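Comments concern the structure below.
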Amino acid sequence: MDEHISEAIGRPDLIRVDDGLVCLRFETMKVVSALAAVRHLLDTGAVRRGDTLVDSSSGIYAYALALACHRHGMRCHIVGSTTVDHTLRTQLDVLGAHLEQMPPSTDLKLDQSRRVARVREILRAHPGHHWMRQYHDDVHYLGYEAVAERIHEETGAGPLTLVGGVGSGASTGALAHYLRKRSVDVRLVGVQPYGSVTFGSEHVADPEIIIAGIGSSIPFGNVRHEHYDTVHWLAFDAALAGSVDLLRRHAVFAGLSTGAAYLAARWERREEPGRPALFVAADTGHRYVDTVFGRHREAARVEDLAPRRVWGTDELGLPWSRMDWNGASAPRAAAVGPAAG
């Protein structure tokens, strides 16, 4: 029996949606990393019960950290993106988390930079607060070890293609790391939006929106670029088609990043039929009812979509590009200096 709701929320489901195609479905994925990170900080004495944990978030990590703080008797201070919606604001308020939300902005880089600057201000005023640094601290890898063990147990020791959003690097990167420690032959396929510096697509704009949570306009310190074999870049319209098809065909109601990962996983599975593909569904589709699922009649048929193969990021183009990354190092714009926040 679980001792706290966060433990149940953080436990993923493994669903075989098609022959050789598996969905790793989370209700809220970052609960896994937040719970393990806070537990580790308490166990090592870096923080104590009652301390205040602070971080920046566009939404999902805010909820995850608030749950972890509730579980372990900590205070929670979130500097939130302009995209944090009413439902999440209300949940954070009832959970006792303090949310400072940035003013409206259409510039993602400005929104992220403002949030980091505000966190630094808070830390100067309250040096006893602990900055979780979800985008930079490898402590957020820890929670995925148990998930990797479960994948290993249920899918076997054969070759596997792991597909999912890159984000802060503490999900697909961590899962591949722990699976490889178990000698699993893993191909790691990262999914990125256009406009993200992480794998060099900042020069390509998506006319709709940047897919939240899988890319960034600022460098992230815990993305291990050398772990990735292949990268797919998908625009909003392609990800929408994937999300709608996943619900219509397999009854899996998941977010926009999942739709992108599902498309990429279908393609990788077709390219290498002998390798099962597992894609990560990081959250449910509730945040996207209006912006994605309400537009389901506009969705393209996934059978009509295919990636454009590119040999360098200067060749990237909408709506879908694929490139063999082959463990290359971070692009210059994605490199993190010693003062990263």
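Summary of computed values
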quantity	calculated
Residues with amide H under 5 Å from that of T198, placed H, sequence gap 5 or more	S216
Whole-Hz ³J(HN,Hα) from phi, Karplus 6.51 cos²θ - 1.76 cosθ + 1.60, for region 189-200, glycine and proline x	10, x, 10, 10, x, 6, x, 9, 7, 4, 10, x
FRET efficiency for R295 and R48, using Cβ-Cβ distance with R0 set to 56 Å, rounded to 0.05	0.70
Ordering of 328-334, 200-206 by packing [mean C-beta count within 10 Å, highest first]	200-206, 328-334
Under Karplus coefficients 6.51, -1.76 and 1.60, residue-wise ³J(HN,Hα) of region 89-96 in Hz, glycine/proline x	4, 5, 4, 4, 4, 5, 6, x
Vicinal HN-Hα couplings computed from phi for region 228-233 (Karplus, 6.51 cos²θ - 1.76 cosθ + 1.60; Hz; Gly/Pro x)	9, 8, 9, 10, 10, 10
Computed E for R89/R248 - FRET, C-beta separation, R0 25 angstrom, nearest 0.05	0.20
Burial ordering of L41, L234, L240, fewest other beta-carbon atoms within 10 Å first	L41, L240, L234
Label-point gap, in nm, between D2 and A157 - each point 7 angstrom along Cα→Cβ	3.2 nm
Ranked packing of 81-87, 42-48, most packed first, by mean Cβ within 10 Å	81-87, 42-48
Cut-off under 5 Å, modelled amide H: who pairs with G221 long-range	H136
Sum of side-chain charges, K181 neighbourhood, beta-carbon under 12 Å (Lys, Arg +1; Asp, Glu -1)	0
Cysteines without a disulfide-compatible partner [the chain; Cβ-Cβ under 4.7 Å]	C23
Extreme residue, positive dipole direction of the chain, given options V84, P159, T230 (C-beta unit charges)	V84
Region 31-138, relative contact order [Cα under 8 Å, separation at least 6], %	29 percent
Amide H within-cut-off set for R75, under 5 Å, with H built and near neighbours excluded	G50, D51, T52, L53
Two-site label geometry, A125 and V336: point separation in nm, points 7 Å out along Cα→Cβ	2.6 nm
Protection-proxy order for peptides 303-309, 276-282, 214-220, 321-327, each taking the mean of Cβ atoms within 10 Å per residue, highest first	276-282, 214-220, 321-327, 303-309
Dipole magnitude (debye, nearest 20) for region 31-138, charges at Cβ of Lys, Arg, Asp, Glu	220 debye
Virtual spin-label span in nm between D18 and S183, 7 Å along Cα→Cβ	3.3 nm
Rel. contact order, % - alpha carbon contacts under 8 angstrom, at least six apart, the chain	18 percent
Local electrostatic count, S321, Cβ distance below 9 Å [Lys/Arg +1, Asp/Glu -1]	+2
Gain upon complete extension [R39, Q101; 0.36 nm per residue less C-alpha separation]	19.7 nm
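Values quoted throughout were computed directly from the atomic coordinates according to the rules given, and no laboratory measurement underlies them. Keep in mind it's a predicted model, so treat the numbers as computed, not measured. Note that each Cβ is placed from the backbone with ideal geometry, even for glycine, and that neighbours are counted across all protein chains shown.
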